[in-house]
Amino acid sequence: MHAALSQLIPDSRYQQRLEDELDQCSQLYDPDYIADRVNYYCHPCSTSLGATASKIGLFQRRGHNSTYYFDSKEIVRWFNPDLYWDYLFGDNRAIPTTPKIVKSRNLCENNGNAVLLKLNKCRHFVYLNDSIRFEDKADIAVYRGQIGTRENRIRFVNQFAGHPRIDAANTLAKGNLIATNPDGKATSPRLSLYDHLKYRFIMALEGNDVASNLKWIMSSNSLAVMPRPTCETWFMEGRLQPNVHYVEIRDDYADLIEKMDYYSNHPDEARAITKAANAYTSQFKDERRERYIGLLVMQKFLQTLQP
């Protein structure tokens, strides 16, 4: 609602305020921290835009997912409408041949043409208040998700459905690629986010791009459990340290039970991970600072890549 109402304010008002906003924020926030994040998100490999680039002033809601539109509009409206930009919305892994604003990108060398912006925030940047101590949670790992055609999710549910220590189920079947539980049912009801917090271990399995539940798991007192990430968003998944911010397991999940046993028997180490995860997550909660970084990312993108 706030995003929609903000559209009633002319873009020109934001453009007039840009320099003042950047100047005020530069005095509020640590410049080294800000520069580090801006450079992490925006380091294009190419210095020219592609054929799909268009003027900011031509950007319209029609034809775009509303969350991507409003989240990007929140940033681009501060800039000259005659400047050119380019974007690739949706779940993305491939690295574009020319620079584009994206929500997600593969973790690989030379991924700079995929310039990250904080998009689809209502789904990806969700945080929970967890009042249950780690040791008071059930000694079980839980997974609920749409397995779709993602081989890693299909394998996990097929491997662990019905296991006494793993509550794993598919919440949506697609075509013939479904997981069959021991009782013959392919799907299980969704759990609310807060119902997940009853468990010590919550699986964060990548889907079309990142594991979208990772942010809220890391804001809780449960442990995020996952193989090393291969994709990242504004959350900078590439900077997460295994067994510092989350519990790392093998890609084939063979050591999952072993890792669960270890942290259940070493609750102090488990709490150290949740504390580090909570601290890491907290850096994304200052809304003005987040917008400031987004403005600087867009400013760098525009200054570097005009035709």
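What follows draws every value from the coordinates through simple rules; no lab data is involved. The model shown is predicted, which means the values in this text are computed figures rather than measured ones. Please note: Cβ atoms are built from the backbone with ideal geometry, for glycine as well, and neighbour counts cover all protein chains shown.
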Legend entry - J(HN,Hα) series, the range 81-98, from Karplus relation 6.51 cos²θ - 1.76 cosθ + 1.60, nearest Hz, glycine and proline x: x, 8, 6, 9, 9, 8, 8, 9, 7, x, 6, 10, 10, 4, 8, x, 6, 10
Inset, instruction - Work out the charge dipole of the chain with +1 on the Cβ of Lys and Arg and -1 on the Cβ of Asp and Glu about the Cα centre, then indicate which of 45, 249, 120 is farthest towards its positive end. - result: 120
Legend entry - Pairs of lysine residues in the range 134-282 - Cα separation under 24 Å, sequence separation of 8 or more or cross-chain: 12
Legend entry - Point-to-point label distance, residue 244-residue 228, nm (Cα→Cβ direction, 7 Å offset): 1.4
Inset, instruction - Taking 7 Å along the Cα-to-C-beta vector as the label spot, tell me the residue 258-residue 155 distance in nanometres, rounded to one decimal. - result: 1.7
Legend entry - Inter-label distance for residue 278 and residue 129, nm, one decimal - labels placed 7 Å from Cα along Cα-to-Cβ: 1.3
Legend entry - Mean Cβ count within 10 Å, highest first, over the residues of peptides 118-125, 230-237: 230-237, 118-125
Inset, instruction - Output the Cα-based Rg and Dmax of the range 1-97 in Å, rounding Rg to one decimal and Dmax to a whole number. - result: 15.2, 39
Legend entry - Nearest-0.05 FRET efficiency for residue 139 and residue 286, computed from C-beta distance (R0 41 Å): 0.70
Inset, instruction - Using only the Cα atoms of the range 134-282, each taken as one equal point scatterer with no solvent, compute I(q) by the Debye sum, divide by I(0), and report log10 of the ratio at q = 0.10, 0.11 Å⁻¹. - result: -0.31, -0.38
Inset, instruction - Place the peptides 104-110, 72-78 in order of packing, highest mean first, counting for every residue the other Cβ atoms within 10 Å and averaging per peptide. - result: 72-78, 104-110
Inset, instruction - Compute log10 of I(q)/I(0) for the chain with the Debye formula, placing one identical point scatterer on every Cα and leaving out solvent, at q = 0.10, 0.14, 0.16 Å⁻¹, to two decimals. - result: -0.62, -1.09, -1.29
Inset, instruction - Multiply the residue separation of residue 266 and residue 303 by 0.36 nm, subtract the distance between their alpha-carbon atoms, and state the gained length in nm to one decimal. - result: 8.3 nm
Inset, instruction - Tell me which residues come under 5 Å, amide H to amide H, from residue 126 once H is placed; ignore anything under 5 positions away on its chain. - result: 216
Legend entry - Check: the range 134-282 dipole with +1 on Lys, Arg Cβ and -1 on Asp, Glu Cβ, in debye: 420
Legend entry - Inter-part distance where the range 188-204 and the range 74-140 are each reduced to a Cα centre, Å: 23
Inset, instruction - Identify which of 27, 15, 159 has the largest mean-square fluctuation in a Gaussian network model of the chain, with springs joining Cα atoms closer than 10 Å. - result: 27
